[in-house]
Amino acid sequence: MVLALFADVHANLEALEACLADARERRASRFAFLGDLAGYGPDPGAVIDIVAGHVGRGAVAVKGNHDAAIAGATEYLNDSAAAAIAWQRGVLSRAQRAFLDDMPLVVREEGICFVHASAVAPERWDYVDSAAEAERSARAAGTPRTFCGHVHRQMLYISGAAERMVAFAPTPGVPIPMRAHRTALALAGSVGQPRDGNSAAAYAIADFEARTLTFHRVAYDNHATARKIRRSGLPEVLAYRLERGI
Amino acid sequence: MVIDGFTVGECLHKGAMGWLYEVTGRGNPFRMLMKVPRLGEATLSAETLLAFETEAMILPRLAGAHVPRYVATGDITTAPYLVLERVDGASLDRREAARLAPADVARIGAAIADALHSVHGQNVIHLDLKPDNVIVRADAAAVLLDFALSHHRHLPDLLAQERRYAAGSAPYISPEQVRGSRTDARSDLFSLGVILYELATGKLPFGAPLTLAGLRDRLWLDPAPPRIANGDTPPWLQEVILRSLEVSPAARYQSAAHLAFDLRHPEQVVLTARAAKVQRKSLAAQAASWWRARDIGTLPGGAKEEPGSAPVVMVAVDTTHPDDPRQPELQRVTRRILSLSREFRLICVSVVAARIGMPRGDEEGTQVEHRIRLRHWIEPLEIEADRVSMHVLEAADASSALVEFARRNNVDLIVLGAPAPDERALAWWRSVASSVTANAPCSVHVVRRPAASAAPAIDEDQAASRAAD
C-alpha cells in the first residue's frame, strides 16, 4: 500500500488538487485526510466534496478543530480564524456541514492511528510539538504508526533506545527508511496553509511495500488562492500568510 | 549455511558489536562481508541495534571509491545482517605501526581527507574516524569503513540521544563530540588531525582516556607540539596538524578538501605561530583555557552547514598574455564569486607551454616569472594569504592540465576566460574553455569580455526570406 497523507487542507482547493495530482503521480493507492478540511480558505465546499468522494471510495478522514468549529463553539480560535469559520458556515450546504460533523476523531486500522492532534485526548486538540508530546501521543495511539497534523509543519518522531523518541525535521523528497520495530509518529505538514516560510503545499507518502516515509512539498498557485480570499472578504492576513507561507 | 542467497563462510572477526563473516553468492564479482549485530545481551543490545540500523540506513546511500560497496540488508526483526564489499588492503593500524616520514604522512593524510571530502559531499559525517576504520587500497585511495556511528543530514539520527555511547573512539573524537554534537563535519577533520599526529610522531596527542573526565581534557588541553615527540616534523606539517586539532571547529580547516590541498602542497602552507611551537602553552594559559572550557555550555560549531559551503575555486589565469583584454573581467568575476562564501580556497593556476630541451636554469626562471605575474594578478583581490595559492603548470595541453589539476585537488568550481561571442564560432570549439567545460569534474564558470556594442543579430533564415521579397 502506498498511502498519501494530507493534513490541514483548510479549504484551499488549489493546494489540495496539486497535492492529489502529485500523490497520484507517485502511485499513491490510498488517501488519508488528517483533519481541518475547513477554516482559513476560500473553498470549503469544493474541498469537502472532493474529500467526501474519496471517503466514499475508502479513504480515511478524521475531524480537526476547525471542522468541529463549523458545527459548534469557536472559543479556541483567534479572530481571523473565527471570522473564516463564520463565513464558511454561511457558504456550506447542510450536507457538507453534516459530512464534517460525522467525521470521527480517531481512526485505527492495521497498525496505524490517524488523528488530527495528539492521540492522548483528541478532542482537546493538543499540539504534538516536542519529542515528549510525541511519545505520549504514540503511547495513547497504541499503534506502531501515528499520522497526524495540526502543527502545520512536517516532522518525524522515531523511537530510539528505551522508547525515547528522536525528533527529525525531514528533507522534502528524501525517503526515510521505516523499520517495523520502531514506533513512529509523523506530522504530515499542512496542505493548505504551510507556516515554515516555504509557500509550497506539504503532504507525505508512507510506502508500506518499500517501507519508507517521504515528505513532499508541491508548489501550487498560492497567489490565485490569495486573490480568492481577498475577493471573498475574508481577513487580509489569511491571504498574506499563503503568499509567504507563514 | 545459506542466508537469502548468500553462502556464509569463515567468521573473520568476533567483536563487542557483532560478528563478521566472509560470504559469497548472488553473482557479485567482488569479495563480500556479512556483518551480524550481536544482539540479545540486555545492556548492549539496544545500542548495538541502533548502531547497526544506522549503518544499514547510511551505507546504501553512499557511493564512490572511498566507501565499501553496499550489497544487501536482511530484515532487521528476523535476520539482521548487512552485506558489503570486503575492501582489499590492510587497515591503517596494522600497516602503520611506527612513525612515518613527513611525505608519507602527507600522502596518507591527503588520501583520507579526499575520502572524507567525498563522504561529506554525500551529506554524511563519519564521526568514528580512526586508523582501524581506514583502508588504503593498492591505488593509494583511502576507503572509510564502519558507518555505525555516522550522521546523515537528511535522515533521522537514532543515536542523537545516546551521548555516552555514540561518542566514537576515545583517542580520536573531537571536543564537540565529547559535548554531544553530531552534526559538524569538521569533527572528522579533528579526528584526522589525531591520525596525522599519530602517524608523524608514533604517539597520541591526548592519550587513550578511559574516563569522561579524561575525555574532557581535550576541551582545553593543548597537545604537545608534534616536534617535541619527533624533532624531524617539518614546520608545515606541524602547522597542518595543530590547525586540525584546534578546539574550536571554526579555527580548523573548514573543509576536508582544504586539508587535502595543504597536505599535497606543503610549499603553499602559510605558517603561523603553530608551526614554530616547541612547547605547550604555559601553565597559566592552560589554566585559563580550562576555566573557559568549564563555562562553555556547548562549543561553537555544530551548525548544519551545507556541503560545499567552503568551496575550492580554481581560476585559470593566462600569464603568457597578461594584457589580454579579458583579464579585468576575469578578476571582477572571481571577486564576485569569492564574495559569496566566507570559507573559500582560491587556487590560481597558469599553464605555460612545456618547452623541451630547455636548460634547467631557464625552466626555473620561467616558473618564477609566471608566478610573479600570478601574484600581480591576484593582488587587487586582497585575499588573505592562507586562502590563496599559486601554481604554474608546464604542459603541452592546457585544458587537460587544468582538468587534471582540478580533479586532484577537489576543485568545486573552475573560472576561466573564453573567446568573445563576436569571434568566429570555430574559436569556441578550439578554445581551452570549451574543452575544460566538456571534461571538468566540477562546475565551470566561463568568463567573457562583454561585447562592446552588440549589433542586432540577424536571423539567417529571416535575412534569406527578406532577400526573397
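The values are calculated or read from the model by the stated rules, or taken from the named source; none is laboratory data. On a predicted model such as this, the values are computed, not experimentally measured, just so you know. No Cβ is skipped: glycine too gets one built from the backbone with ideal geometry, and neighbour counts run over all protein chains shown. Heads up: the accessible areas ignore ligands, DNA and RNA and are worked out on the full protein's heavy atoms, side chains in. Shrake-Rupley method; radii C 1.70, N 1.55, O 1.52, S 1.80 Å.
General observations
- The label-point distance for A:Thr212 and B:Ala65, in a model that sets each label 7 Å from Cα toward Cβ, rounds to 2.8 nm.
- Length gained when the stretch B:Thr78-B:Ser309 is fully extended (0.36 nm per residue, less Cα-Cα span): 79.0 nm
- With every protein chain in place, the range B:32-152: carbon and sulfur % of accessible area (1.4 Å): 52 percent
- Accessible area of the range B:49-182 divided out per residue, in Å², using a probe of 1.4 angstrom: 32 Å²
- Element breakdown for the range A:1-75 at a 1.4 angstrom probe: carbon and sulfur atoms account for 46% of the accessible area.
- FRET efficiency for B:His265 and A:Glu123, using Cβ-Cβ distance with R0 set to 60 Å, rounded to 0.05: 0.35
- Near B:Pro325: Cβ cut-off under 14 Å, other residues only, Lys/Arg at +1 and Asp/Glu at -1. The net charge is -2.
- The percentage of C-alpha pairs in the protein assembly as shown whose separation is greater than 51 Å is 28%.
- Karplus 3J(HN,Hα) series, Hz, for the range B:415-421 with 6.51 cos²θ - 1.76 cosθ + 1.60 (x for Gly, Pro): 10, 7, x, 9, x, 5, x
- Over chain A, the pair-distance histogram of Cα-Cα distances with 5 Å bins from zero comes to 1, 7, 15, 20, 21, 17, 11, 5, 2, 0, 0 percent, rounded to whole numbers.
- Top of A:Val128, A:Val55, A:Val191 by mean-square fluctuation, Gaussian network on chain A, Cα under 10 Å: A:Val55
- Take the Cβ atoms of B:Trp429 and B:His154, set R0 to 45 Å, and the FRET efficiency comes out at 0.65.
- Across A:Ala224, A:Ala117, A:Ala23, mean-square fluctuation computed from a Gaussian network of chain A (C-alpha pairs under 10 Å connected) peaks at A:Ala224.
- Volume of the Cα convex hull of the range A:120-189, divided per residue and given in Å³: 80 Å³
- Residue-count net charge about B:Ser339 - beta-carbon cut-off 12 Å; Lys, Arg +1, Asp, Glu -1: +3
- Proximity of backbone amide H atoms, modeled 1.01 Å from N, is registered between A:Ala7 and A:Leu34, A:Val191 at under 5 Å, excluding neighbours fewer than 5 places apart on the same chain.
- HN-Hα J in Hz across the range A:92-101 - Karplus 6.51, -1.76, 1.60, θ = phi - 60°, x for Gly and Pro: 7, 6, 4, 5, 5, 5, 5, 4, 4, 5
- Only lysine pairs 8 or more places apart or on separate chains count here, and in the protein assembly as shown those with Cα atoms under 27 Å apart total 10.
- For A:Leu156, net neighbour charge (Lys/Arg +1, Asp/Glu -1) across residues whose Cβ lies under 12 Å away: +2
- Selected from A:Ala81, A:Ala200, A:Ala95 as most flexible by GNM, with chain A as the system and alpha-carbon contacts under 10 Å: A:Ala95
- Distance distribution P(r), the range B:195-280, all Cα-Cα pairs, bin width 10 angstrom from 0: 17, 50, 29, 4, 0 percent.
- Calculated FRET value between B:Arg375 and A:Arg108, using beta carbons and R₀ = 60 Å, to 0.05: 0.25
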